[in-house]
Every structure is written in C-alpha cells, then in structure tokens.
1. Got a sec? Which of A:VAL72, A:VAL39, A:VAL62 is in contact (Cβ under 8 Å) with a residue 12 or more places away in the chain, touching a Cys at 6+ places or on another chain (Cβ under 9 Å) and on the phi < 0 side of the Ramachandran plot?
2. Given the conditions (1) of a type in the set (Val, Ile, Thr); (2) surrounded by fewer than 17 Cβ atoms within 10 Å (Cβ to Cβ); (3) in contact with a strand residue (DSSP E or B) (Cβ under 9 Å, 6 or more places away or on another chain); (4) more than 10 Å from chain B (Cβ to nearest Cβ), and given that A:THR214 satisfies all but one, which numbered condition is not satisfied?
3. For region B:100-120: of the residues being touching a helix residue (DSSP H, G or I) at 6+ places or on another chain (Cβ under 6 Å) and assigned to a loop (DSSP other than H, G, I, E, B), which is nearest to B:ALA168 (Cα to Cα)?
4. Can you report the number of residues in region B:69-99 which are closer than 27 Å to B:PRO232 by Cα and among the β-branched types (Val, Ile, Thr)?
5. Based on what the data block shows, is B:THR344 closer than 25 Å to A:PRO140 by Cβ and either touching a strand residue (DSSP E or B) at 6+ places or on another chain (Cβ under 9 Å) or at pLDDT 90 or above (or both)?
6. For region B:55-91, which positions are among the acidic types (Asp, Glu) and either buried (at least 22 other Cβ atoms within 10 Å of the Cβ) or over 20 Å from B:ALA206 (Cβ atoms) (or both)?
7. What is the number of the single condition among (1) crowded, with 23+ Cβ neighbours inside 10 Å; (2) farther than 25 Å from B:ARG108 by Cα; (3) within 13 Å of another protein chain (Cβ to nearest Cβ); (4) within 14 Å of the chain's Cα centre (by Cα) that A:VAL162 does not meet?
8. Within region A:230-255, take every residue that is in a loop (DSSP other than H, G, I, E, B) and in contact (Cβ under 8 Å) with a residue 60 or more places away in the chain and give me the one that is farthest from the other protein chains (Cβ to nearest Cβ).
Amino acid sequence: MSIFIDRATRLVVQGITGRDGSFHTKQMLEYGTQVVAGVTPGKGGHTFDGKVPVFDTMAEAVAATGATASVVYVPARFAADAVYEAADAGIRLVVCISEGVPVLDMTRVMPYLREREIRLIGPNCPGAISPGRCKVGIIPGSICREGPVGVVSRSGTLTYEVIHQLTRAGYGQSSCIGIGGDPIIGTNFIDCLAAFQADPDTQAIVMIGEIGGTDEQQAAEYAAAHVTKPVVGFIAGQTAPPGRRMGHAGAIISGASGTAAEKMTAFTRAGIAVMKRPADVVALLKERRVAA
Amino acid sequence: MNLHEYQARALLQAAGIPVPDGDVAATPAEAEAIAKRLGGRVVVKAQVHAGGRGKAGGVKLAKDAAEARAHAGTILGMTIKGLTVEKVLVVPTADIASESYVGVILDRASQRPVLMVSPAGGIDIEEVAAKTPERIMKLGVDPRYGLLPHQAMQLGFFLYDALPQVRAVAAIMRQLYDAFVRAGGSLAEINPLITTPDGTVLALDAKIVVDDNELDRRPGIAALRDTASENPAEVKAREAGLTFIKLDGSVGCCVNGAGLAMATMDLVKYYGGDPANFLDIGGSSNPEKVVAALEIITADPRVKAILFNIFGGITRCDDVANGIVTATGRTKLTVPIVIRLTGTNDELAVQILERAGFSALTDMDEAVKRAVELAGRAA
C-alpha cells in the first residue's frame with residue numbers, strides 16, 4: 001500500500017513536450033509509472049518517446065486513455081489554467097510541479113477543486129513517489145526504497161537528503177510526498193498525516209517543515225489527537241532572519257510568527273520527536289522502535 | 001517585492017481612494033518646492049523599506065518650506081535599518097479626528113484574501129492583534145466574487161458610527177481590494193485611515209507588498225522595483241537567477257534548493273559556526289549560475305570558508321563541479337572551499353574536481369563540520 005499514488009495510477013503529463021516535462025516523463029516511465037498520455041496544445045497526434053500518445057487537450061487525453069491523475073510541468077503563468085483543465089476533464093489527482101504560480105491564482109483554484117473533491121499536490125513541489133510502484137514528479141527514484149516510513153515535506157532537495165539518510169540506514173519508504181513551498185498549497189501536512197495513519201503499510205511518519213505559516217503547528221495538534229503511529233519532525237530555517245523570504249514563497253517569518261522555535265515547541269508538545277539536524281532521523285526512528 | 005509609500009499611494013489614488021495631496025522628492029530643493037506648493041506646513045517622510053521610520057528620525061514635521069528643505073537635507077542619505085534613504089515624500093499636515101486601520105492580506109490558513117479592520121489605527125496592527133484582538137475584525141473574501149458591498153458595510157460599521165463615514169470607508173475598502181488584486185498584492189494596507197474634524201475619510205499612509213510571482217505578468221508593477229534601495233549583492237544574485245540573502249557569519253553557503261539551503265545554515269550553527277548567507281542556486285544545472293554564486297560569496301570580506309552542499313536531483317553534480325572549476329579558474333580563491341556532492345552524476349563530478357585539484361565529500365555533516373573548522377581557524 002501507499003498513499004495517493006500506486007501501481008493503478010494512470011497518469012497524464014501536462015506539458016509533456018517541454019524541457020522539464022519530457023526529461024521527467026522519461027524518468028517516470030523508467031521507474032515504471034503508467035504514463036498513459038501527454039498533453040501539449042498543437043502537438044496532438046504525436047507520440048512521445050515512441051510509446052506515449054500526445055493530445056491537444058486534457059478532455060481528449062482522459063476520454064481516450066481513462067487517466068486518473070495528472071502532473072503539471074507547464075510554465076507558472078499557465079499552471080492555474082492547466083489545473084482547471086485537468087479538473088474539467090475529470091482527473092481526481094493533480095500534481096503541480098511548476099514553481100512561481102501567483103498566490104492569487106491559487107485562491108481561485110482551491111475552491112474550484114474543493115467543490116469537485118479533487119486533490120491537488122503542490123504547486124512548487126517535487127511531487128510524490130511510492131517506491132517500487134509509482135513516481136509522479138521529480139523525486140529521484142534511485143535514492144528511495146520500499147519500506148515502512150511515510151515522508152511528507154515542504155521542501156525538495158532537503159527531502160532527498162532525508163530520504164537518502166533513511167535508505168542508507170535500511171529504512172525504506174511507503175510514500176514520499178512533497179507538498180510544496182508556497183503559501184497556498186493543495187495538500188497540507190494534515191492531509192498526509194491522515195492518509196499515512198490510514199495506510200496499513202506505513203509504520204512511522206517523518207514530517208519536514210520549515211519557517212512560515214502555521215501548518216506545522218496545526219499538524220502537530222492533529223497528530224496529538226489522531227495519529228497513533230510514531231512521528232518524527234524537522235523544521236528548516238532555525239537561523240533564518242525574520243521578514244525575509246528564504247527562497248520558498250511561503251518560507252517567511254512574519255513579525256514574530258512562523259518561527260522554527262515555535263514549530264519545534266508545537267512538535268514537542270504533541271509528542272513528535274524533533275530532529276535537530278537531518279541526520280538525526282534514523283536515531284529517532286530507532287529510539288521509537290520502528291523496524292526497518 | 002515591497003513598494004515604497006509614495007508608489008503605494010499612487011496605486012490607491014488610481015483606484016479612487018482619497019489621499020492627501022503631496023509628492024516625492026530626491027533633493028532638498030525639490031522638497032522645498034513641493035512644500036511651497038502645499039502651503040508650507042508639511043510632513044517630510046523617508047521612503048525606505050523599513051518599519052519604524054518615525055522612531056529612527058525619518059519622519060519630520062516642518063512649519064514652512066525652508067524647514068521642509070532642511071528636514072529633507074537631514075533625512076536624504078540617512079541610513080534606516082541599514083538602508084539608505086534616496087527619496088522623501090512631502091505631504092501636507094492633516095487635522096486628525098480619528099485613526100483606524102484597513103488592510104487586505106492573503107491568508108494562508110483560510111487560503112483567501114482577508115479584509116482586516118481596526119479602529120486602533122496608527123500603530124502596528126500586529127501589536128493590536130497581540131494586545132487587543134477584540135479591536136480587530138476580519139472577513140474572508142471569496143476571490144471569485146470580490147469584496148461584496150454588504151461585507152464592506154459590515155466592516156465599516158465596526159469602524160464608524162456615522163453613516164456617511166461608514167459608506168465612505170466601505171467604498172474605500174472595495175477600492176483597496178481592487179488595487180490589491182490589480183497590483184498582484186500579498187498585502188495592501190492603509191494605516192492610518194483618518195477622519196478629519198469635518199468628517200472626511202482619507203488614506204494617510206499606505207503599504208503594498210507584491211507577490212513576486214505576479215511580476216512576470218504585471219510589467220507596470222515590476223517597473224516600480226527600486227534596486228537602489230536593495231543590497232547590491234542581492235540584486236546581482238536575482239539577475240543571475242539565484243536567491244541570495246546576506247547574513248553576518250563567516251561560512252559562505254552555496255546550496256541547491258531552498259529547504260536544503262536553510263538546513264545547511266542551521267547545521268553550520270549546530271556545529272558552532274555562523275552562516276554568511278542563504279544562497280539557493282535553484283534546480284537547474286547551468287554552470288554559469290555556479291560562477292555567479294561564487295563571485296557573490298567571495299565578494300563578502302567576512303567569508304572565511306566556502307561550503308558547497310549539492311544534492312543532485314534535477315541539478316547535475318557534474319555541472320556544479322564544472323561551474324566551480326570555471327569560476328576558480330577566472331578568480332583565484334583566497335579562502336578555503338569545502339565541497340559536498342551527492343546524487344545525479346556525483347562520481348563524474350568528483351573526477352572533474354579532483355582533476356582540478358579539489359576534493360569532495362559525500363556526507364553533509366562532515367562537510368559542514370569541516371567548513372566551520374576552517375572558518376574558525378581563519379578568524
């Protein structure tokens with residue numbers, strides 16, 4: 001088992017002929033993901049890499065292939081429309097990799113998706129991987145292995161670092177979800193905690209947060225009330241100055257709120273083991289008697 | 001991106017919001033001329049991206065045009081929180097009967113724009129929120145319909161008793177919301193929004209913060225960027241496609257990915273060092289970016305050691321290695337460098353670096369420890 005994506009996921013790539021879209025489609029195919037279609041307006045009728053049919057519109061792609069999920073690699077200014085198009089075509093899960101989507105666009109996208117009960121992961125995220133089964137996005141498959149640890153993170157390469165530490169120590173992953181570094185995102189920590197708690201193959205959860213907002217604090221409260229599996233957490237940005245956007249659009253301490261210290265305290269209060277550095281993840285899982 | 005007060009004022013005025021007369025000046029003579037036109041009694045306000053301008057001496061009352069000139073002479077060139085004042089706004093003094101706060105923010109938790117008002121204006125709204133939260137009223141706006149008239153009226157009744165003023169502020173709030181959307185804002189606020197003794201409602205000070213992701217599609221707003229008021233190294237970094245934030249430590253950091261860059265800074269601190277900067281070279285593999293990054297880091301005289309921390313995913317480690325070799329070939333490094341590379345094409349990267357006389361580590365903790373040690377030894 002896994003969360004959100006598995007062997008049954010039938011994926012459309014939106015922006016399949018672009019630089020990023022084509023590179024990562026090859027990687028996803030190599031990993032074994034069922035990429036059933038691609039969409040690029042004007043490229044309908046072509047075939048990508050000799051095996052994936054390309055369509056002009058999402059409606060055609062979904063009608064022809066029965067796709068259930070899509071991944072968005074289009075430039076940021078077209079990303080909101082790509083998500084609406086996926087929603088209108090009947091897609092149930094949209095993963096938006098694009099970075100730089102205007103936040104006001106997201107305030108309009110979110111109610112549209114909520115009314116249709118469609119899950120969005122991202123934007124500005126590395127996507128998701130269920131090791132050994134399916135990869136949607138850009139997380140390098142080579143650093144993952146199948147196992148009992150669920151990983152959820154607002155970051156990209158920091159997530160790879162933690163996955164790498166886990167894999168090296170023999171801890172495989174059930175699913176790794178990069179939820180994205182923007183202020184408004186489709187899937188948050190609580191959604192992932194709930195899904196990992198319900199997933200019988202996940203034995204422990206690793207949460208990687210960062211400064212900015214209150215998602216981690218709310219997730220900590222949720223975990224204390226609803227999650228019985230061991231949770232280990234990390235917060236990046238302990239040395240970040242207030243009022244500065246640390247690369248991610250959402251990584252900013254506003255006034256005195258959204259600091260790493262505040263989030264780490266919320267974790268501790270909720271019984272979440274706090275990593276002081278990425279390398280602590282293995283020791284903390286062992287301490288909580290999580291079997292590899 | 002932060003807008004200056006005079007820029008925010010102009011956007012509000014364009015949306016129909018009443019603001020006092022006034023203009024911006026870059027020299028004392030210009031300030032004097034504006035003051036003369038406004039009748040003499042004016043306020044001279046530093047235009048700089050920092051809060052607490054008044055406390056820092058950047059806002060001064062002048063009784064006549066000559067004094068306005070003198071104040072402008074003092075304020076122009078003054079440094080407030082590390083930023084040099086290049087311009088002043090000259091506005092007439094106002095008779096104030098009441099001060100309130102009106103703002104729109106993008107609220108992360110509710111995923112909506114939220115209108116926020118308070119009859120406690122003229123002070124920092126965060127202070128009001130902390131001390132007297134009952135004096136703030138918030139209302140979430142559905143961005144598909146905008147701020148509806150009855151919603152604006154409801155907020156207006158929280159601020160004023162007299163119907164004409166309630167109607168006036170309701171109109172202002174709807175205009176403010178429109179200005180916020182048109183600017184691609186993440187925040188737009190009027191603080192204070194005043195009433196004069198004759199009951200007129202006026203926006204006395206304005207602040208707009210623009211979502212950086214909006215700038216591509218709003219060239220008019222992007223053109224308002226004032227690079228003179230920013231740290232030059234940060235401007236250079238942005239132009240090279242890097243995210244760089246200057247800090248005060250001695251370990252220069254170059255990392256791919258914002259989360260890993262923050263975690264690297266934190267780890268430098270964990271091992272007893274201090275990071276000199278936040279620097280994210282992003283996800284691409286362009287060796288030129290690495291060259292620019294090294295130039296920016298080495299230009300900081302506080303840097304005593306350089307630390308590269310690269311986790312290759314989309315970023316290819318061999319590209320980063322090539323960038324390091326190119327950059328150090330152009331300008332000789334005068335401080336030690338510690339390189340950590342793991343992931344896509346790391347073996348190739350190590351070969352490239354070794355051929356050029358560098359060594360590379362694969363473990364993040366080891367690399368950070370080594371960089372902190374080298375920086376400490378040099379200090």
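The values are calculated or read from the model by the stated rules, or taken from the named source; none is laboratory data. Since the model is a prediction, treat every value here as computed from it, not as a measurement. Cβ placement follows ideal geometry from the backbone for every residue including glycine, while neighbour counts extend to all protein chains displayed.
1. On the way: A:VAL39 fails: touching a Cys at 6+ places or on another chain (Cβ under 9 Å); A:VAL62 fails: touching a Cys at 6+ places or on another chain (Cβ under 9 Å).
The conditions single out A:VAL72.
2. Of everything listed in (1) of a type in the set (Val, Ile, Thr); (2) surrounded by fewer than 17 Cβ atoms within 10 Å (Cβ to Cβ); (3) in contact with a strand residue (DSSP E or B) (Cβ under 9 Å, 6 or more places away or on another chain); (4) more than 10 Å from chain B (Cβ to nearest Cβ), A:THR214 misses just condition (4).
3. Applying the filter and picking the extreme gives B:PRO119.
4. Within region B:69-99, the subset closer than 27 Å to B:PRO232 by Cα is B:72-89.
Those still in the list that are among the β-branched types (Val, Ile, Thr) too: B:74-75, B:79-80, B:84-85, B:88.
Of the residues in that region, 7 qualify.
5. When the stated conditions are applied, B:THR344 passes them.
6. As a first pass, look at region B:55-91 and keep what is among the acidic types (Asp, Glu): B:64, B:67, B:86.
Result: B:ASP64, B:GLU67.
7. (4)
8. Within region A:230-255, the subset in a loop (DSSP other than H, G, I, E, B) is A:230, A:237-253, A:255.
From what is left, the residues that are in contact (Cβ under 8 Å) with a residue 60 or more places away in the chain are A:230, A:247-251.
Details: A:PRO230: 22, A:GLY247: 3, A:HIS248: 5, A:ALA249: 7, A:GLY250: 7, A:ALA251: 6 Å.
Among them, the one singled out is A:PRO230.
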